[in-house]
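Written below as C-alpha coordinates is the structure these notes are about.
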(Lines give C-alpha, C1' and ligand atoms only; values in the text may rest on other atoms or scores of the structure.)
Protein backbone atom coordinates (compact mmCIF):
# COMPACT_ATOMS: atom_id res chain seq x y z
CA UNK A 1 0.00 0.00 0.00
CA UNK A 2 1.52 3.38 -0.97
CA UNK A 3 1.70 6.43 1.28
CA UNK A 4 -1.62 8.17 1.91
CA UNK A 5 -1.66 11.95 2.53
CA UNK A 6 -2.56 12.64 6.15
CA UNK A 7 -5.51 14.90 5.35
CA UNK A 8 -7.25 12.03 3.55
CA UNK A 9 -8.44 11.09 7.04
CA UNK A 10 -10.73 14.14 6.94
CA UNK A 11 -13.24 12.06 4.99
CA UNK A 12 -14.44 10.53 8.29
CA UNK A 13 -16.51 11.86 11.18
CA UNK A 14 -17.54 10.19 14.45
CA UNK A 15 -20.98 9.41 15.86
CA UNK A 16 -21.88 9.22 19.55
CA UNK A 17 -24.96 8.48 21.70
CA UNK A 18 -24.99 11.93 23.37
CA UNK A 19 -23.39 15.36 23.33
CA UNK A 20 -21.56 14.61 26.57
CA UNK A 21 -20.21 11.35 25.13
CA UNK A 22 -19.00 13.17 22.03
CA UNK A 23 -17.21 15.89 23.98
CA UNK A 24 -15.60 13.35 26.31
CA UNK A 25 -14.63 10.97 23.50
CA UNK A 26 -16.55 8.10 25.06
CA UNK A 27 -15.70 4.66 23.65
CA UNK A 28 -19.07 4.17 21.98
CA UNK A 29 -20.67 4.84 18.63
CA UNK A 30 -19.56 4.55 15.03
CA UNK A 31 -18.15 6.28 11.99
CA UNK A 32 -19.58 8.16 9.04
CA UNK A 33 -18.28 10.00 6.02
CA UNK A 34 -19.14 13.04 3.94
CA UNK A 35 -20.33 12.95 0.33
CA UNK A 36 -20.46 16.21 -1.62
CA UNK A 37 -23.48 16.37 -3.92
CA UNK A 38 -23.96 18.95 -6.70
CA UNK A 39 -26.98 21.10 -5.98
CA UNK A 40 -28.57 23.33 -8.59
CA UNK A 41 -30.00 26.02 -6.29
CA UNK A 42 -26.70 27.22 -4.92
CA UNK A 43 -23.22 27.77 -6.30
CA UNK A 44 -21.69 24.95 -4.34
CA UNK A 45 -22.08 21.39 -3.14
CA UNK A 46 -24.50 20.07 -0.55
CA UNK A 47 -23.00 18.12 2.33
CA UNK A 48 -24.52 14.66 2.78
CA UNK A 49 -23.59 12.60 5.85
CA UNK A 50 -23.46 8.84 5.34
CA UNK A 51 -23.38 6.04 7.91
CA UNK A 52 -24.98 2.67 8.64
CA UNK A 53 -28.67 2.38 9.34
CA UNK A 54 -27.91 0.22 12.39
CA UNK A 55 -25.64 2.91 13.88
CA UNK A 56 -28.55 5.39 13.87
CA UNK A 57 -31.04 2.79 15.11
CA UNK A 58 -28.74 2.18 18.08
CA UNK A 59 -29.05 5.87 19.01
CA UNK A 60 -25.70 7.22 17.83
CA UNK A 61 -27.02 10.45 16.34
CA UNK A 62 -24.53 13.06 17.59
CA UNK A 63 -22.02 14.00 14.90
CA UNK A 64 -18.54 15.22 15.84
CA UNK A 65 -16.55 17.21 13.25
CA UNK A 66 -12.97 18.41 13.53
CA UNK A 67 -12.32 22.10 13.00
CA UNK A 68 -9.64 23.36 10.62
CA UNK A 69 -8.09 25.56 13.31
CA UNK A 70 -7.44 22.57 15.57
CA UNK A 71 -9.69 23.79 18.39
CA UNK A 72 -12.23 21.54 20.09
CA UNK A 73 -14.44 19.68 17.59
CA UNK A 74 -18.02 20.79 17.05
CA UNK A 75 -20.85 18.46 18.04
CA UNK A 76 -24.17 18.48 16.20
CA UNK A 77 -27.30 16.61 17.15
CA UNK A 78 -29.28 15.25 14.23
CA UNK A 79 -32.63 13.94 15.36
CA UNK A 80 -33.27 10.30 14.35
CA UNK A 81 -36.23 11.43 12.23
CA UNK A 82 -33.87 13.65 10.24
CA UNK A 83 -31.85 10.66 9.08
CA UNK A 84 -33.04 8.98 5.89
CA UNK A 85 -32.65 5.18 6.10
CA UNK A 86 -32.58 3.05 2.98
CA UNK A 87 -36.07 1.66 2.45
CA UNK A 88 -34.70 -1.79 1.62
CA UNK A 89 -32.52 -4.14 3.69
CA UNK A 90 -29.36 -2.18 2.85
CA UNK A 91 -27.51 -0.93 5.92
CA UNK A 92 -27.24 2.72 4.86
CA UNK A 93 -28.64 5.99 6.21
CA UNK A 94 -27.94 9.58 5.18
CA UNK A 95 -28.64 13.03 6.59
CA UNK A 96 -28.52 16.43 4.96
CA UNK A 97 -25.35 17.89 6.35
CA UNK A 98 -24.17 20.06 9.15
CA UNK A 99 -21.00 22.07 9.48
CA UNK A 100 -19.39 24.66 7.24
CA UNK A 101 -16.80 24.30 4.52
CA UNK A 102 -14.90 27.35 5.81
CA UNK A 103 -14.65 25.93 9.32
CA UNK A 104 -14.66 22.14 8.96
CA UNK A 105 -12.40 19.97 6.83
CA UNK A 106 -14.48 18.89 3.85
CA UNK A 107 -11.79 19.16 1.16
CA UNK A 108 -11.09 15.42 1.16
CA UNK A 109 -14.73 14.37 1.14
CA UNK A 110 -15.99 11.78 -1.29
CA UNK A 111 -17.66 13.40 -4.28
CA UNK A 112 -20.89 12.21 -5.83
CA UNK A 113 -19.10 11.17 -9.04
CA UNK A 114 -16.80 8.85 -7.06
CA UNK A 115 -19.65 6.65 -5.82
CA UNK A 116 -19.25 3.38 -7.67
CA UNK A 117 -22.08 2.27 -9.95
CA UNK A 118 -22.59 -1.11 -11.58
CA UNK A 119 -21.61 0.41 -14.92
CA UNK A 120 -18.41 1.77 -13.37
CA UNK A 121 -17.54 -1.71 -12.08
CA UNK A 122 -17.40 -2.85 -15.69
CA UNK A 123 -15.83 0.35 -16.99
CA UNK A 124 -12.96 0.24 -14.47
CA UNK A 125 -12.76 -3.58 -14.39
CA UNK A 126 -13.12 -3.68 -10.61
CA UNK A 127 -13.14 -7.12 -9.03
CA UNK A 128 -11.39 -9.81 -7.01
CA UNK A 129 -8.00 -8.78 -5.66
CA UNK A 130 -8.41 -5.05 -6.10
CA UNK A 131 -6.78 -3.00 -3.36
CA UNK A 132 -9.00 -1.20 -0.86
CA UNK A 133 -8.56 0.91 2.24
CA UNK A 134 -11.06 1.83 4.95
CA UNK A 135 -11.02 5.07 6.94
CA UNK A 136 -12.74 4.79 10.30
CA UNK A 137 -12.70 4.86 14.05
CA UNK A 138 -10.36 2.60 16.02
CA UNK A 139 -12.07 2.88 19.40
CA UNK A 140 -9.49 3.20 22.16
CA UNK A 141 -7.04 4.84 19.75
CA UNK A 142 -9.38 7.27 18.01
CA UNK A 143 -8.02 10.58 19.28
CA UNK A 144 -10.28 10.81 22.35
CA UNK A 145 -11.08 14.55 22.30
CA UNK A 146 -10.36 15.08 18.57
CA UNK A 147 -11.26 12.82 15.66
CA UNK A 148 -8.14 10.88 14.71
CA UNK A 149 -9.31 8.23 12.23
CA UNK A 150 -7.25 5.18 11.36
CA UNK A 151 -6.84 3.34 8.08
CA UNK A 152 -7.12 -0.38 7.42
CA UNK A 153 -6.05 -2.04 4.21
CA UNK A 154 -7.05 -5.11 2.24
CA UNK A 155 -8.48 -6.53 -0.95
CA UNK A 156 -11.80 -7.50 -2.47
CA UNK A 157 -12.17 -11.19 -1.63
CA UNK A 158 -15.69 -12.06 -2.78
CA UNK A 159 -17.58 -10.22 -5.49
CA UNK A 160 -20.86 -8.58 -4.62
CA UNK A 161 -23.63 -10.97 -3.54
CA UNK A 162 -26.04 -11.68 -0.68
CA UNK A 163 -24.28 -11.83 2.70
CA UNK A 164 -25.91 -12.04 6.13
CA UNK A 165 -25.47 -8.84 8.14
CA UNK A 166 -25.82 -9.72 11.82
CA UNK A 167 -26.23 -6.04 12.77
CA UNK A 168 -29.31 -5.55 10.60
CA UNK A 169 -30.55 -9.15 10.68
CA UNK A 170 -30.84 -9.30 6.89
CA UNK A 171 -29.14 -10.88 3.93
CA UNK A 172 -28.04 -7.93 1.87
CA UNK A 173 -26.06 -7.12 -1.24
CA UNK A 174 -22.44 -6.78 -0.12
CA UNK A 175 -18.83 -7.20 -1.08
CA UNK A 176 -16.67 -9.36 1.16
CA UNK A 177 -13.40 -7.53 1.74
CA UNK A 178 -10.36 -8.87 3.54
CA UNK A 179 -9.99 -5.93 5.88
CA UNK A 180 -10.67 -6.44 9.57
CA UNK A 181 -13.49 -4.46 11.12
CA UNK A 182 -14.19 -3.93 14.82
CA UNK A 183 -16.74 -1.98 16.87
CA UNK A 184 -16.46 1.68 15.90
CA UNK A 185 -15.69 1.05 12.23
CA UNK A 186 -19.35 0.62 11.33
CA UNK A 187 -20.18 3.29 8.76
CA UNK A 188 -16.62 3.70 7.49
CA UNK A 189 -15.89 4.71 3.91
CA UNK A 190 -14.21 1.97 1.87
CA UNK A 191 -12.20 3.13 -1.14
CA UNK A 192 -10.95 1.01 -4.03
CA UNK A 193 -7.91 2.22 -5.90
CA UNK A 194 -5.42 1.38 -8.65
CA UNK A 195 -2.09 2.84 -9.70
CA UNK A 196 -0.65 2.92 -13.19
CA UNK A 197 1.75 0.14 -12.20
CA UNK A 198 -1.18 -2.31 -12.27
CA UNK A 199 -0.71 -4.43 -15.41
CA UNK A 200 -3.52 -6.98 -15.31
CA UNK A 201 -6.43 -4.53 -15.52
CA UNK A 202 -8.40 -4.94 -18.73
CA UNK A 203 -9.77 -1.40 -18.58
CA UNK A 204 -8.06 1.61 -20.12
CA UNK A 205 -8.61 3.35 -16.77
CA UNK A 206 -5.46 2.35 -14.92
CA UNK A 207 -5.37 4.96 -12.16
CA UNK A 208 -8.28 5.85 -9.89
CA UNK A 209 -9.68 6.10 -6.38
CA UNK A 210 -13.40 5.40 -6.07
CA UNK A 211 -15.81 4.76 -3.20
CA UNK A 212 -16.48 1.02 -3.18
CA UNK A 213 -19.09 1.40 -0.47
CA UNK A 214 -19.70 1.51 3.28
CA UNK A 215 -18.51 -0.98 5.89
CA UNK A 216 -21.25 -2.60 7.97
CA UNK A 217 -19.02 -4.82 10.12
CA UNK A 218 -17.76 -8.37 10.58
CA UNK A 219 -18.97 -11.18 8.37
CA UNK A 220 -19.63 -13.90 10.94
CA UNK A 221 -19.09 -17.63 10.56
CA UNK A 222 -21.16 -20.36 12.20
CA UNK A 223 -18.98 -22.61 14.36
CA UNK A 224 -19.93 -25.59 16.56
CA UNK A 225 -19.57 -25.31 20.34
CA UNK A 226 -16.84 -27.65 21.66
CA UNK A 227 -16.37 -29.24 25.06
CA UNK A 228 -13.15 -29.27 27.09
CA UNK A 229 -11.76 -32.12 24.99
CA UNK A 230 -12.37 -30.32 21.70
CA UNK A 231 -15.37 -32.43 20.70
CA UNK A 232 -18.71 -31.00 19.61
CA UNK A 233 -21.25 -30.84 22.42
CA UNK A 234 -24.49 -32.80 22.23
CA UNK A 235 -27.08 -31.67 21.42
CA UNK A 236 -25.21 -29.61 18.85
CA UNK A 237 -24.96 -25.89 19.45
CA UNK A 238 -23.43 -23.18 17.35
CA UNK A 239 -21.99 -19.71 17.82
CA UNK A 240 -21.13 -16.99 15.34
CA UNK A 241 -17.53 -15.79 15.28
CA UNK A 242 -15.72 -13.14 13.21
CA UNK A 243 -14.34 -14.39 9.90
CA UNK A 244 -11.72 -11.63 9.48
CA UNK A 245 -13.77 -10.45 6.50
CA UNK A 246 -15.85 -7.27 6.41
CA UNK A 247 -19.15 -6.71 4.65
CA UNK A 248 -19.37 -3.67 2.40
CA UNK A 249 -22.65 -2.24 1.09
CA UNK A 250 -21.85 -1.27 -2.52
CA UNK A 251 -21.77 2.45 -3.24
CA UNK A 252 -24.62 2.27 -5.74
CA UNK A 253 -26.94 1.67 -2.77
CA UNK A 254 -25.69 4.94 -1.24
CA UNK A 255 -26.24 6.66 -4.59
CA UNK A 256 -29.71 5.15 -4.80
CA UNK A 257 -30.58 6.67 -1.41
CA UNK A 258 -29.07 10.09 -2.18
CA UNK A 259 -31.05 10.21 -5.43
CA UNK A 260 -34.30 9.07 -3.80
CA UNK A 261 -37.27 11.43 -3.77
CA UNK A 262 -37.20 11.78 0.03
CA UNK A 263 -33.59 12.97 0.10
CA UNK A 264 -33.89 15.18 -2.97
CA UNK A 265 -37.02 16.76 -1.50
CA UNK A 266 -35.07 17.37 1.70
CA UNK A 267 -32.34 19.09 -0.30
CA UNK A 268 -34.93 21.51 -1.66
CA UNK A 269 -35.05 23.00 1.85
CA UNK A 270 -31.52 24.28 1.40
CA UNK A 271 -31.07 28.05 1.58
CA UNK A 272 -28.82 30.17 -0.60
CA UNK A 273 -26.32 30.73 2.19
CA UNK A 274 -23.79 28.85 4.26
CA UNK A 275 -24.90 28.11 7.79
CA UNK A 276 -22.21 28.11 10.44
CA UNK A 277 -22.80 26.18 13.64
CA UNK A 278 -20.50 27.00 16.52
CA UNK A 279 -21.24 23.84 18.44
CA UNK A 280 -24.82 24.58 19.43
CA UNK A 281 -27.38 21.81 19.41
CA UNK A 282 -29.61 21.71 16.38
CA UNK A 283 -33.35 21.61 16.78
CA UNK A 284 -34.14 21.32 13.08
CA UNK A 285 -32.44 20.53 9.80
CA UNK A 286 -30.78 23.51 8.14
CA UNK A 287 -28.77 22.05 5.26
CA UNK A 288 -25.25 23.25 4.72
CA UNK A 289 -23.32 24.18 1.60
CA UNK A 290 -19.54 23.93 1.33
CA UNK A 291 -18.96 27.14 -0.57
CA UNK A 292 -15.32 26.60 -1.39
CA UNK A 293 -15.96 23.27 -3.13
CA UNK A 294 -17.52 23.91 -6.52
CA UNK A 295 -18.84 21.44 -9.09
CA UNK A 296 -16.37 20.44 -11.79
CA UNK A 297 -15.97 22.68 -14.82
CA UNK A 298 -13.11 23.29 -17.22
CA UNK A 299 -12.37 26.48 -15.30
CA UNK A 300 -12.68 24.80 -11.92
CA UNK A 301 -11.40 21.20 -11.88
CA UNK A 302 -10.47 21.39 -8.17
CA UNK A 303 -13.17 19.08 -6.88
CA UNK A 304 -11.24 15.97 -7.94
CA UNK A 305 -7.86 17.12 -6.67
CA UNK A 306 -8.19 15.61 -3.20
CA UNK A 307 -8.22 12.01 -4.30
CA UNK A 308 -6.35 12.25 -7.61
CA UNK A 309 -3.54 13.94 -5.70
CA UNK A 310 -3.56 10.89 -3.46
CA UNK A 311 -2.44 8.81 -6.41
CA UNK A 312 0.34 11.16 -7.42
CA UNK A 313 1.67 11.51 -3.88
CA UNK A 314 1.29 7.82 -3.12
CA UNK A 315 3.19 6.77 -6.22
CA UNK A 316 5.80 9.49 -5.62
CA UNK A 317 5.35 10.70 -9.21
CA UNK A 318 4.50 14.18 -10.52
CA UNK A 319 1.06 14.82 -12.03
CA UNK A 320 0.80 13.63 -15.60
CA UNK A 321 0.13 16.15 -18.33
CA UNK A 322 -2.25 15.66 -21.24
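The values are calculated or read from the model by the stated rules, or taken from the named source; none is laboratory data. Since the model is a prediction, treat every value here as computed from it, not as a measurement. Here Cβ is always computed from backbone atoms with ideal geometry, including for glycine, and neighbour counts include all displayed protein chains.
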How many residues does the stretch 162-181 contain that are assigned to a loop (DSSP other than H, G, I, E, B) and farther than 19 Å from residue 129 by Cα?
-> 4
Here the residues within the stretch 180-200 that are surrounded by fewer than 23 Cβ atoms within 10 Å (Cβ to Cβ) and modelled with pLDDT of 75 or more are 193, 194, 195
Some residue of the stretch 114-133 being in a strand (DSSP E or B) and touching a helix residue (DSSP H, G or I) at 6+ places or on another chain (Cβ under 6 Å) | yes
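For the stretch 103-113, does any single residue satisfy the condition of being more than 18 Å from the chain's Cα centre (by Cα) and surrounded by fewer than 17 Cβ atoms within 10 Å (Cβ to Cβ)?
Within the stretch 103-113, not a single residue is more than 18 Å from the chain's Cα centre (by Cα) and surrounded by fewer than 17 Cβ atoms within 10 Å (Cβ to Cβ).
Listed here are the residues, each with its yes/no results for (1) modelled with pLDDT of 90 or more; (2) assigned to a loop (DSSP other than H, G, I, E, B); (3) within 19 Å of the chain's Cα centre (by Cα); (4) more than 23 Å from residue 135 (Cβ to Cβ).
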site: 34; (1), (2), (3), (4): yes, no, yes, no
site: 41; (1), (2), (3), (4): no, yes, no, yes
site: 60; (1), (2), (3), (4): yes, yes, yes, no
site: 63; (1), (2), (3), (4): yes, no, yes, no
Determine which single condition residue 26 fails, assuming it passes every other condition in (1) in contact with a strand residue (DSSP E or B) (Cβ under 8 Å, 6 or more places away or on another chain); (2) in contact (Cβ under 8 Å) with a residue 40 or more places away in the chain.
-> (2)
Go through the residues of the stretch 74-83 one by one and say whether even a single one is at pLDDT below 90 and either in contact with a strand residue (DSSP E or B) (Cβ under 7 Å, 6 or more places away or on another chain) or surrounded by fewer than 20 Cβ atoms within 10 Å (Cβ to Cβ) (or both).
-> no
Residue under evaluation residue 213, criteria (1) modelled with pLDDT under 85; (2) part of a strand (DSSP E or B); (3) on the phi > 0 side of the Ramachandran plot, criterion not met | (1)
Take residue 48 and decide whether it is outside any helix (DSSP H, G or I) and either closer than 25 Å to residue 193 by Cβ or in contact with a strand residue (DSSP E or B) (Cβ under 8 Å, 6 or more places away or on another chain) (or both).
-> yes
Of (1) under 25 Å from residue 64 (Cα atoms); (2) modelled with pLDDT of 85 or more; (3) touching a strand residue (DSSP E or B) at 6+ places or on another chain (Cβ under 9 Å), residue 264 satisfies every one except (3)
Where residues in the stretch 84-96 are part of a loop (DSSP other than H, G, I, E, B) and in contact with a helix residue (DSSP H, G or I) (Cβ under 6 Å, 6 or more places away or on another chain), which of them is surrounded by the most Cβ atoms within 10 Å (Cβ to Cβ)?
-> 91
Meets criteria (under 20 Å from residue 5 (Cα atoms), modelled with pLDDT under 90 and outside any helix (DSSP H, G or I)) for residue 106 = yes
For the subset of the stretch 213-242 comprising residues that are within 16 Å of residue 186 (Cβ to Cβ) and in contact with a strand residue (DSSP E or B) (Cβ under 6 Å, 6 or more places away or on another chain), which member is surrounded by the fewest Cβ atoms within 10 Å (Cβ to Cβ)?
-> 242
Using the structure shown, decide if residue 69 is within 30 Å of residue 193 (Cβ to Cβ) and not in a strand (DSSP E or B).
-> no
